[in-house]
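Undergrad: The structure under discussion is supplied below as structure tokens; questions concerning it will follow.
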Amino acid sequence: RNCRGNPNCLVGIGEHVWLGEIDENSFHNIDDPNYERRKKNAFVGLTNLGATCYVNTFLQMWFLNLELRQALYLCPSTCSEYVAGEGIPKDKDYEPQTICEHLQYLFALLQNSKRRYIDPSGFVKALGLDTGQQQDAQEFSKLFMSLLEDTLSKQKNPDVRNIVQKQFCGEYAYVTVCNQCGRESKLVSKFYELELNIQGHKQLTDCITEFLKEEKLEGDNRYFCETCQSKQNATRKIRLLSLPCTLNLQLMRFVFDRQTGHKKKLNTYIGFSELLDMEPFMEQKNGVYVYELSAVLIHRGVSAYSGHYIAHVKDPQTGEWYKFNDEDIDKMEGKKLQLGIEEDLAEPSKSQTRKPKCGKGTHCSRNAYMLVYRLQTREKSLTIEVPAFLQELVERDNCKFEEWCNEMAEMRKQSVARGKIKHEEVKELYKRLPAEAPYDFISLEWLQKWLDESTPPKPIDNTACLCSHGKLHPDKISIMKRISEYVADFFYRRYGGGPRLNVKALCKDCVVERCRILRLKNQLNEDYKTVTNLLKITVKGNDGFWVGKASLRSWRQLALEQLNEQDEDTEHSNGKMNGNAQNKDESNEEKREEEEELNFNEDIVCPHGDLCISENERRVVSKEAWEKLKQYFPKAPEFPNNKECCSQCKILEREGEENEALHKMMASEQKTSLQNLFHDKCRPCLGSWPQETDELYIVSQFFVEEWRKFVRRPTRCSPVSSVGNSALLCPHGGLMFTYASMTKEDSKLIALIWPSEWERIQKLFVVDHVIKITRTQAAGADPESTLYTSEPQLCPECREGLLCQQQRDLREYTQATIYIHKVVDNKKVMKDAAPELNVSSSEAEEEREENKPEGEQDPDFNQIMHAFSVAPFDQNLSIDGKILSDDTATLGSLGVIPESVILLKADEPLADYAAMDDVMQVCMPEEGFKGTGLLGH
């Protein structure tokens, strides 16, 4: 480890990397380009562009369909240069125009490219697929086959035009038989794959049998027989009429779950054989219907909304099986299909069934979603040559690849050469780094960067180590290293920079100043002890001086700060040279702020610049102690102990005492006059009008509260001189409250006054407006006929405006308190009861939430998440039995007013993360391939 404070220590600065033997690969971070080269007799992979693994599996499967590949090669190209026989210009990149051309080019690259994998982005872009959205692989297969068939139908060559029908198209008939007359009706349809239900089945043949089984049409589902001319019981089934060369069997693993309302994956094991005899299922029994397995498409994962697609495909020319996993392609041992590893990748669950045993020539899978069978034939497989036009494009791409490989290899070679030169350089120079004399100082940071192989060194920069005199600062020695002049010469010749700091670079002036400050600090420690002893001596007579107690407590710290500031001024005064001019300005500003906060003995200076009158803040010290202190604070204010206090402060103190006495007297007089009002006793009430009077006066509750504060603390609070009733009146001078509202919701805003109290209030305070309520009742009349009139009268227009404003205030607010009750038990909450009563302390947690400004999306689900550790998607909020489900609504639009109580019910964690992913996906509308080229857009 390096001794950072020792400029002579050159150990542990990064040299250990260079002193031993070094592997050439450590001189570069460039991978071997040959790793990207296709191996002999290997297939070419396809890049996963984000979530396009489902596309890659079908492309690889279709590529190994030799008949389809050959037909696509026969498609004429729309490239005008090629059609004219002129070839494609070398300076122009080929851009396929149609889906067929994209497939042609991709298949040609998959066949003869030298790359380990190729990029299918042109094909994906032409289809308009979202590379970040994983789609339904089975739907993609259907839509693309339909698009390809429609595209090829325009070709003149029948071998090209009919290739999709020949390879993938079969026929079946829906046959309906009337139970009454026996009439049989057929509806013949084409199919490109058979969609087989796997739920409740264990074998592929069972799934096919269910697909073809007879269905009874009875009851409301009866069949209308044209012969009988009425609805009759009937039977319906599917009959296979003809099968294609390539039989696609779609296993319906992804089904709609009615309970959850979204798709789920069936992890049922399905057994299937490598040879499939379809004759038992055919209408005609005299054909060749033996198929052999050619591909198995796999979906890894337990969720219907996520996972990964791979394909196991059989090479039709060699009979060997390969696993296609985007860029990676693995050949299976021997010529047998191996699915065991893929089946182990699914996440286990408690209800998971064991994998059944498979016999020879059979397999079983819970992840296979498509099985592809090829009609068994003894014909030799096709030998397909890439057309000259496509081969030219492939060769051009191979040339680019070779150029890239050569460029990468050359970069590796150059990096290794530079590394070896640097290795020899470091080994030679490090031996000569230690120095006696002559020597140079150099930045430790730069020296470490020179030894760091990952960053090439920049020119030497020693400016951060300079003092105000342009020389090496003594405090910066700890971040410098002393090296020999020979090595320093080499460094400055090779890398440049500066300034160069040789043996004469150490600043003598800074060293002298540093020594002076050190001596002063030592002297300060001695003087601190002396002053401490002198403060113990009692001062007699007029020989002492006043010193602030706060200054005495911190005088040593203040003196140290002064010394440090002098040191910093010396260090940073050459800010421009050191590149720290901004830092200097900031430190000076901070220093000025500190000086404004406290200077020695200024804590006993009054605002008038004289000695303060409070003796509790100061004490007398001896003349000897003061002289010691004056050595460190020569500009400190000086007050002999016979100095008179500030005369202006004395006058103000006397006036303050007189005002306090006056306020106490006023408070006592007012309290005596209005004792019941002060203690809030014997107050009149509008709801039960007192019998002894027909008149009551009104003042604002704000006046009463402010007056009570003054009476309780007359020396701290300002006296109340007037009764401001204008706040209770509208601009027209009318009253803002009705008699009914003053008995209920507005009662908190007013205070009722007895007539006797009102006479005293008029004498004690200035009243701006008199507000009075009068009761008028006829003798012996019904109490309900009693009239209550106010003076001034109610202003109806302003009253209506006030009510509207109050309603707006309930729904438009910037700061208010909302209570959140978290229900942690599964106990039901009564809708009719108050929320506070529904949740007891053992059942709920309570959180106050300060709302954000109106207009933002409220409630703030993130605040609730942090308070209760419940994610927004797990929050179920309700108020008064109403579910708050609109995430974009505001509190006002939801009817949540201040002081409301919202109930929070948190969803329990799901059993696995995949199920949680399902829930998140369901929240998004499923659009499938809408807007893509697969639907003609």
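The values are calculated or read from the model by the stated rules, or taken from the named source; none is laboratory data. Values in this document were obtained by computation on a predicted structure and should not be read as measured data. Virtual Cβ from ideal backbone geometry, glycine too; neighbours counted across all protein chains shown.
Undergrad: Counting only residues that are modelled with pLDDT of 90 or more and hydrophobic (A, V, I, L, M, F, W, C), how many does the range 284-339 have?
TA: 12
Undergrad: Please work out which one of (1) surrounded by fewer than 18 Cβ atoms within 10 Å (Cβ to Cβ); (2) among the acidic types (Asp, Glu); (3) under 26 Å from Glu139 (Cβ atoms) is the condition Glu193 fails and give its number.
TA: In the conditions (1) surrounded by fewer than 18 Cβ atoms within 10 Å (Cβ to Cβ); (2) among the acidic types (Asp, Glu); (3) under 26 Å from Glu139 (Cβ atoms), Glu193 misses (1) alone.
Undergrad: Right, something else. When only residues in the range 433-443 that are modelled with pLDDT of 85 or more and in a loop (DSSP other than H, G, I, E, B) count, which is nearest to His16 (Cα to Cα)?
TA: Leu433
Undergrad: Against the definition (outside the structural domain of Leu563 (by TED's automatic domain parsing) and more than 24 Å from Phe765 (Cα to Cα)), how does Glu669 come out, yes or no?
TA: Here the answer is no, as Glu669 does not meet what is asked.
Undergrad: Given the structure, is Cys682 surrounded by 15 or more Cβ atoms within 10 Å (Cβ to Cβ) and either in the same structural domain as Arg775 (by TED's automatic domain parsing) or in contact with an Asp or Glu (Cβ under 9 Å, 6 or more places away or on another chain) (or both)?
TA: On the way: surrounded by 15 or more Cβ atoms within 10 Å (Cβ to Cβ): no; either in the same structural domain as Arg775 (by TED's automatic domain parsing) or in contact with an Asp or Glu (Cβ under 9 Å, 6 or more places away or on another chain) (or both): yes.
Answer is no for this residue.
Undergrad: Let me ask something additional. One residue is enough: does the range 518-534 have a residue meeting the conditions farther than 17 Å from Ala559 by Cα, of a type outside the set (S, T, N, Q) and either in the same structural domain as Ile613 (by TED's automatic domain parsing) or touching a strand residue (DSSP E or B) at 6+ places or on another chain (Cβ under 9 Å) (or both)?
TA: The answer is yes, given that some residue of the range 518-534 is farther than 17 Å from Ala559 by Cα, of a type outside the set (S, T, N, Q) and either in the same structural domain as Ile613 (by TED's automatic domain parsing) or touching a strand residue (DSSP E or B) at 6+ places or on another chain (Cβ under 9 Å) (or both).
Undergrad: Which residues, taken from the range 444-469, are in a helix (DSSP H, G or I) and of a type outside the set (Gly, Ala, Ser)? Quick ask: steps written out before the conclusion?
TA: Initially, the range 444-469 is screened for residues in a helix (DSSP H, G or I), giving 444-451, 463-465.
Hits for the range 444-469 are Leu444, Glu445, Trp446, Leu447, Gln448, Lys449, Trp450, Leu451, Thr463, Cys465.
Undergrad: Right, something else. Taking the condition more than 49 Å from the chain's Cα centre (by Cα), under 30 Å from Arg69 (Cβ atoms) and not in a loop (DSSP other than H, G, I, E, B), does Val160 pass?
TA: In short, yes.
Undergrad: Just the residues that are over 10 Å from Leu506 (Cα atoms) and touching a residue at least 60 places away in the same chain (Cβ under 8 Å), please, taken from the range 455-468.
TA: Selection gives Thr463, Ala464, Ser468.
Undergrad: Which residue is farthest from Leu339 (Cα to Cα), if the candidates are limited to the range 384-408 and must be out of contact with any helix residue (DSSP H, G or I) (no Cβ under 9 Å at 6 or more places or on another chain) and touching a residue at least 12 places away in the same chain (Cβ under 8 Å)?
TA: Ranking the candidates gives Arg396 first.
Undergrad: Quick check, is Ser121 within 30 Å of Ser303 (Cβ to Cβ), surrounded by fewer than 16 Cβ atoms within 10 Å (Cβ to Cβ), touching a residue at least 24 places away in the same chain (Cβ under 8 Å) and in the same structural domain as Asn65 (by TED's automatic domain parsing)?
TA: Yes; evaluated as a whole, the condition is true for this residue.
Undergrad: Considering only the range 383-420, state which residues are under 30 Å from Gly319 (Cα atoms), of a type in the set (A, V, I, L, M, F, W, C) and surrounded by 12 or more Cβ atoms within 10 Å (Cβ to Cβ).
TA: Across the range 383-420, the qualifying residues are Ile384, Val386, Phe389, Leu390, Leu393, Val394.
Undergrad: Let me ask another. Could you tell me how many of the residues in the range 709-732 are of a type in the set (Phe, Trp, Tyr) and part of a loop (DSSP other than H, G, I, E, B)?
TA: Adding up the residues that qualify gives 0.
Undergrad: Identify, by number, the condition in (1) modelled with pLDDT of 90 or more; (2) under 30 Å from Ile897 (Cβ atoms); (3) in a loop (DSSP other than H, G, I, E, B) that Leu752 doesn't meet.
TA: (3)
Undergrad: Another question, then. Name the residue, out of Glu660, Glu692, that is surrounded by 13 or more Cβ atoms within 10 Å (Cβ to Cβ) and of a type in the set (D, E, K, R).
TA: Exactly one residue qualifies, and that residue is Glu660.
Undergrad: Given Arg654, Arg618, which one is surrounded by 14 or more Cβ atoms within 10 Å (Cβ to Cβ), outside the structural domain of Met742 (by TED's automatic domain parsing) and not aliphatic (A, V, I, L, M)?
TA: Unique residue meeting the criteria: Arg618.
Undergrad: State whether the residues of the range 190-213 include one that is assigned by TED's automatic domain parsing to the domain that holds Ile99 and among the aromatic types (Phe, Trp, Tyr).
TA: Looking for residues that are assigned by TED's automatic domain parsing to the domain that holds Ile99 and among the aromatic types (Phe, Trp, Tyr), one finds none in the range 190-213, hence no.
Undergrad: Being closer than 21 Å to Lys458 by Cα and crowded, with 17+ Cβ neighbours inside 10 Å is the filter here; which residues of the range 431-446 pass it?
TA: Passing the criteria: Leu433, Asp440, Phe441, Ile442, Ser443, Leu444, Trp446.
Undergrad: Moving to a separate point now. Out of Lys285, Lys265, report the one residue that is out of contact with any Cys (no Cβ under 6 Å at 6 or more places or on another chain) and within 20 Å of His201 (Cβ to Cβ).
TA: The match here is Lys265.
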